[in-house]
Amino acid sequence: NAGVMQNPRHLVRRRGQEARLRCSPMKGHSHVYWYRQLPEEGLKFMVYLQKENIIDESGMPKERFSAEFPKEGPSILRIQQVVRGDSAAYFCASSLFRGQANYGYTFGSGTRLTVV
Amino acid sequence: TQLLEQSPQFLSIQEGENLTVYCNSSSVFSSLQWYRQEPGEGPVLLVTVVTGGEVKKLKRLTFQFGDARKDSSLHITAAQPGDTGLYLCAGVSADGLTFGKGTHLIIQP
(Lines give C-alpha, C1' and ligand atoms only; values in the text may rest on other atoms or scores of the structure.)
Protein backbone atom coordinates (compact mmCIF):
# COMPACT_ATOMS: atom_id res chain seq x y z
CA ASN A 1 0.00 0.00 0.00
CA ALA A 2 1.97 2.93 -1.31
CA GLY A 3 -0.41 5.61 -0.12
CA VAL A 4 -3.99 6.61 0.47
CA MET A 5 -6.22 4.94 -2.10
CA GLN A 6 -9.53 6.38 -3.12
CA ASN A 7 -12.09 4.93 -5.47
CA PRO A 8 -13.71 5.48 -7.73
CA ARG A 9 -11.66 8.31 -9.26
CA HIS A 10 -14.71 9.60 -11.08
CA LEU A 11 -18.35 9.04 -10.19
CA VAL A 12 -21.41 10.24 -12.07
CA ARG A 13 -24.79 10.11 -10.38
CA ARG A 14 -28.22 11.34 -11.32
CA ARG A 15 -30.05 13.62 -8.93
CA GLY A 16 -31.66 11.58 -6.19
CA GLN A 17 -29.26 8.65 -6.37
CA GLU A 18 -26.77 7.63 -3.70
CA ALA A 19 -23.03 8.13 -3.94
CA ARG A 20 -20.53 5.97 -2.06
CA LEU A 21 -16.94 7.09 -1.92
CA ARG A 22 -14.28 4.78 -0.55
CA CYS A 23 -10.96 5.52 1.08
CA SER A 24 -8.30 3.02 2.12
CA PRO A 25 -5.77 4.73 4.41
CA MET A 26 -2.04 4.15 4.38
CA LYS A 27 -1.03 0.87 5.94
CA GLY A 28 -1.13 1.11 9.71
CA HIS A 29 -3.01 4.40 9.76
CA SER A 30 -6.14 4.39 11.87
CA HIS A 31 -7.16 8.04 11.46
CA VAL A 32 -9.02 9.24 8.38
CA TYR A 33 -10.09 12.73 7.36
CA TRP A 34 -12.49 13.67 4.56
CA TYR A 35 -12.34 17.00 2.74
CA ARG A 36 -14.43 18.52 -0.03
CA GLN A 37 -13.04 20.82 -2.69
CA LEU A 38 -15.25 23.00 -4.83
CA PRO A 39 -14.00 25.02 -7.83
CA GLU A 40 -12.29 28.22 -6.71
CA GLU A 41 -12.47 27.14 -3.08
CA GLY A 42 -9.97 25.57 -0.77
CA LEU A 43 -10.28 22.22 0.88
CA LYS A 44 -13.08 22.20 3.41
CA PHE A 45 -12.93 19.79 6.31
CA MET A 46 -15.89 17.44 6.57
CA VAL A 47 -15.24 14.68 9.07
CA TYR A 48 -12.52 12.99 11.09
CA LEU A 49 -12.83 9.31 11.93
CA GLN A 50 -10.89 6.78 13.88
CA LYS A 51 -11.53 3.09 13.54
CA GLU A 52 -15.23 2.53 14.32
CA ASN A 53 -15.63 6.05 15.72
CA ILE A 54 -16.56 9.47 14.40
CA ILE A 55 -14.34 11.93 16.24
CA ASP A 56 -15.32 15.23 14.62
CA GLU A 57 -18.10 15.73 12.08
CA SER A 58 -18.38 19.48 12.46
CA GLY A 59 -17.86 20.05 8.74
CA MET A 60 -20.38 17.51 7.56
CA PRO A 61 -23.80 18.66 6.32
CA LYS A 62 -26.45 17.52 8.77
CA GLU A 63 -28.62 15.81 6.19
CA ARG A 64 -27.89 13.24 3.49
CA PHE A 65 -24.20 12.88 4.38
CA SER A 66 -22.74 10.14 6.54
CA ALA A 67 -19.34 8.57 7.07
CA GLU A 68 -18.02 5.42 8.61
CA PHE A 69 -14.68 3.74 9.18
CA PRO A 70 -15.33 0.12 10.13
CA LYS A 71 -12.93 -2.16 11.94
CA GLU A 72 -12.29 -3.94 8.66
CA GLY A 73 -12.33 -2.33 5.26
CA PRO A 74 -12.15 1.18 3.89
CA SER A 75 -13.72 4.35 5.15
CA ILE A 76 -16.93 5.20 3.33
CA LEU A 77 -18.40 8.63 2.69
CA ARG A 78 -22.03 8.23 1.74
CA ILE A 79 -24.19 10.88 0.15
CA GLN A 80 -27.87 10.08 -0.16
CA GLN A 81 -30.27 11.69 -2.63
CA VAL A 82 -27.51 13.65 -4.33
CA VAL A 83 -28.15 17.12 -5.70
CA ARG A 84 -26.19 19.13 -8.24
CA GLY A 85 -24.57 21.14 -5.46
CA ASP A 86 -22.86 17.97 -4.23
CA SER A 87 -20.71 17.94 -7.37
CA ALA A 88 -17.16 18.38 -6.12
CA ALA A 89 -13.86 16.64 -5.56
CA TYR A 90 -13.78 14.67 -2.33
CA PHE A 91 -10.39 13.94 -0.79
CA CYS A 92 -9.41 11.59 1.95
CA ALA A 93 -6.29 11.82 4.09
CA SER A 94 -4.92 9.53 6.77
CA SER A 95 -2.54 9.72 9.69
CA LEU A 96 -0.83 7.28 12.03
CA PHE A 97 -1.92 8.99 15.22
CA ARG A 98 -4.13 11.83 16.30
CA GLY A 99 -2.53 15.24 16.29
CA GLN A 100 -0.27 14.38 13.42
CA ALA A 101 -1.32 17.50 11.59
CA ASN A 102 2.06 19.05 12.36
CA TYR A 103 3.69 16.43 10.18
CA GLY A 104 1.30 16.87 7.32
CA TYR A 105 -1.41 14.67 5.97
CA THR A 106 -1.08 12.23 3.09
CA PHE A 107 -3.93 12.74 0.69
CA GLY A 108 -5.45 10.38 -1.81
CA SER A 109 -6.04 11.36 -5.42
CA GLY A 110 -9.68 12.11 -4.73
CA THR A 111 -13.06 11.15 -6.12
CA ARG A 112 -14.64 13.58 -8.52
CA LEU A 113 -18.38 13.41 -8.14
CA THR A 114 -20.57 14.81 -10.87
CA VAL A 115 -24.31 14.97 -10.33
CA VAL A 116 -26.34 15.24 -13.53
CA THR B 1 -13.49 30.60 12.56
CA GLN B 2 -9.90 30.68 11.46
CA LEU B 3 -9.44 31.98 7.93
CA LEU B 4 -6.42 31.90 5.67
CA GLU B 5 -6.28 34.39 2.81
CA GLN B 6 -4.02 33.56 -0.09
CA SER B 7 -2.89 36.04 -2.72
CA PRO B 8 -2.81 36.38 -5.57
CA GLN B 9 -5.63 34.03 -6.49
CA PHE B 10 -4.22 33.58 -10.00
CA LEU B 11 -0.72 34.17 -11.34
CA SER B 12 0.58 33.54 -14.84
CA ILE B 13 4.21 34.31 -15.59
CA GLN B 14 6.92 33.39 -18.07
CA GLU B 15 9.45 30.67 -17.48
CA GLY B 16 12.55 31.99 -15.75
CA GLU B 17 10.80 34.74 -13.78
CA ASN B 18 10.65 34.93 -10.00
CA LEU B 19 7.45 35.10 -8.00
CA THR B 20 6.11 35.31 -4.47
CA VAL B 21 2.72 34.17 -3.19
CA TYR B 22 1.30 34.97 0.21
CA CYS B 23 -0.77 33.39 2.94
CA ASN B 24 -2.21 35.63 5.64
CA SER B 25 -4.38 35.08 8.69
CA SER B 26 -5.63 36.98 11.70
CA SER B 27 -5.11 33.84 13.78
CA VAL B 28 -1.96 32.34 15.21
CA PHE B 29 -1.17 28.80 14.19
CA SER B 30 1.15 26.31 15.83
CA SER B 31 2.63 25.70 12.40
CA LEU B 32 1.84 26.29 8.77
CA GLN B 33 2.10 23.98 5.80
CA TRP B 34 2.32 24.47 2.07
CA TYR B 35 0.88 21.95 -0.35
CA ARG B 36 1.00 21.74 -4.12
CA GLN B 37 -1.88 20.22 -6.03
CA GLU B 38 -1.80 19.24 -9.69
CA PRO B 39 -4.98 18.85 -11.76
CA GLY B 40 -6.72 15.59 -11.02
CA GLU B 41 -4.59 14.80 -8.00
CA GLY B 42 -4.62 15.35 -4.27
CA PRO B 43 -2.49 17.93 -2.45
CA VAL B 44 1.09 16.97 -1.75
CA LEU B 45 2.91 18.39 1.25
CA LEU B 46 5.88 20.61 0.37
CA VAL B 47 6.96 21.96 3.74
CA THR B 48 5.97 22.64 7.33
CA VAL B 49 7.19 25.81 9.04
CA VAL B 50 6.99 25.90 12.81
CA THR B 51 9.03 28.71 14.32
CA GLY B 52 8.21 32.39 13.86
CA GLY B 53 10.66 33.87 11.38
CA GLU B 54 11.67 30.46 10.10
CA VAL B 55 12.92 30.16 6.53
CA LYS B 56 13.06 26.85 4.70
CA LYS B 57 14.43 26.19 1.25
CA LEU B 58 13.44 23.42 -1.10
CA LYS B 59 15.58 23.77 -4.24
CA ARG B 60 14.18 26.88 -5.96
CA LEU B 61 11.37 27.31 -3.44
CA THR B 62 11.84 29.44 -0.32
CA PHE B 63 9.23 29.37 2.43
CA GLN B 64 9.04 31.91 5.23
CA PHE B 65 6.92 31.94 8.37
CA GLY B 66 6.07 35.35 9.79
CA ASP B 67 7.46 36.37 13.16
CA ALA B 68 3.97 36.34 14.69
CA ARG B 69 3.16 32.95 13.10
CA LYS B 70 0.14 34.38 11.32
CA ASP B 71 1.43 34.63 7.78
CA SER B 72 3.75 32.95 5.35
CA SER B 73 5.19 33.44 1.90
CA LEU B 74 6.43 31.17 -0.83
CA HIS B 75 9.06 32.50 -3.22
CA ILE B 76 9.98 30.64 -6.40
CA THR B 77 13.16 31.53 -8.21
CA ALA B 78 13.51 30.99 -11.97
CA ALA B 79 10.09 29.41 -12.32
CA GLN B 80 9.71 26.41 -14.61
CA PRO B 81 6.63 24.98 -16.35
CA GLY B 82 6.79 22.06 -13.94
CA ASP B 83 5.99 24.48 -11.10
CA THR B 84 2.51 24.96 -12.52
CA GLY B 85 -0.18 23.99 -10.04
CA LEU B 86 -2.40 25.08 -7.18
CA TYR B 87 -0.44 26.12 -4.11
CA LEU B 88 -2.34 25.75 -0.85
CA CYS B 89 -1.36 26.92 2.56
CA ALA B 90 -2.80 25.25 5.63
CA GLY B 91 -2.70 26.36 9.25
CA VAL B 92 -2.24 23.73 11.92
CA SER B 93 -4.15 24.07 15.17
CA ALA B 94 -5.84 21.87 17.73
CA ASP B 95 -8.76 21.61 15.27
CA GLY B 96 -6.51 20.09 12.62
CA LEU B 97 -5.78 21.71 9.26
CA THR B 98 -7.44 24.85 7.91
CA PHE B 99 -6.78 25.50 4.23
CA GLY B 100 -6.70 28.68 2.22
CA LYS B 101 -8.31 28.82 -1.21
CA GLY B 102 -4.96 28.59 -2.93
CA THR B 103 -2.99 30.36 -5.62
CA HIS B 104 -3.34 29.03 -9.15
CA LEU B 105 0.11 29.33 -10.71
CA ILE B 106 0.78 28.94 -14.43
CA ILE B 107 4.31 29.06 -15.76
CA GLN B 108 4.35 29.60 -19.49
CA PRO B 109 7.26 28.20 -21.50
request  = Determine whether the range A:60-81 contains at least one residue that is closer than 17 Å to residue A:10 by Cβ, within 14 Å of the chain's Cα centre (by Cα), hydroxyl-bearing (Ser, Thr, Tyr) and more than 11 Å from every other protein chain (Cβ to nearest Cβ).
outcome  = no
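So that you can scan it fast, the table gives a plain yes or no per residue for (1) more than 16 Å from residue A:4 (Cα to Cα); (2) in a loop (DSSP other than H, G, I, E, B):
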{"residue": "A:22", "(1), (2)": "no, no"}
{"residue": "A:29", "(1), (2)": "no, yes"}
{"residue": "A:39", "(1), (2)": "yes, yes"}
{"residue": "A:46", "(1), (2)": "yes, no"}
{"residue": "A:60", "(1), (2)": "yes, yes"}
{"residue": "A:77", "(1), (2)": "no, no"}
query = Got a number for residues in the range A:28-53 being away from every other protein chain (no Cβ under 14 Å) and at pLDDT 90 or above?
reply = 1
note = Scanning the range B:19-40 for residues that are surrounded by fewer than 16 Cβ atoms within 10 Å (Cβ to Cβ) and either at the interface with chain A (Cβ under 8 Å from one of its Cβ atoms) or not hydroxyl-bearing (Ser, Thr, Tyr) (or both) gives B:28, B:30, B:38, B:39, B:40
message = Please go through the range B:6-17 and give me each residue that is within 14 Å of chain A (Cβ to nearest Cβ) and either under 22 Å from residue B:51 (Cβ atoms) or assigned to a loop (DSSP other than H, G, I, E, B) (or both), ordered by number.
response = B:6, B:8, B:9
task = Look at the range B:52-83 and say how many of its residues are free of Cβ contacts under 8 Å to residues at least 40 places away in the same chain, of a type outside the set (A, V, I, L, M) and away from every other protein chain (no Cβ under 14 Å).
result = 11
message = Please go through (1) modelled with pLDDT under 95; (2) within 14 Å of another protein chain (Cβ to nearest Cβ); (3) touching a Phe, Trp or Tyr at 6+ places or on another chain (Cβ under 9 Å) for residue B:101 and return the number of the only condition it doesn't satisfy.
response = (3)
inquiry  = I'd like the full set of residues that are without any contact (Cβ under 8 Å) to a residue 60 or more places away in the chain, hydrophobic (A, V, I, L, M, F, W, C) and within 18 Å of residue A:113 (Cβ to Cβ), limited to the range A:52-81.
reply    = A:60, A:65, A:67, A:76, A:77
query = What pairs come up if the first residue lies in the range A:4-24 and is in contact (Cβ under 8 Å) with a residue 40 or more places away in the chain and closer than 23 Å to residue B:44 by Cβ, the second is in a loop (DSSP other than H, G, I, E, B) and aliphatic (A, V, I, L, M), and their beta carbons are under 8 Å apart, counting only those six or more places apart or on different chains?
reply = A:4/A:26; A:23/A:4; A:24/A:4
inquiry  = If I ask for residues that are surrounded by 13 or more Cβ atoms within 10 Å (Cβ to Cβ), modelled with pLDDT under 95 and over 18 Å from residue B:7 (Cβ atoms), which ones from the range B:57-77 would you list?
reply    = B:69
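Going through the range B:77-109 one residue at a time, which ones are touching a helix residue (DSSP H, G or I) at 6+ places or on another chain (Cβ under 6 Å) and assigned to a strand (DSSP E or B)? Spell out the reasoning first.
Within the range B:77-109, the subset touching a helix residue (DSSP H, G or I) at 6+ places or on another chain (Cβ under 6 Å) is B:92, B:96-97, B:107, B:109.
Matches in the range B:77-109: B:92, B:96, B:97, B:107.
The values are calculated or read from the model by the stated rules, or taken from the named source; none is laboratory data. The structure displayed is predicted, hence computed values, not measured ones. All Cβ positions, glycine included, derive from the backbone under ideal geometry; neighbour counts span all protein chains shown.
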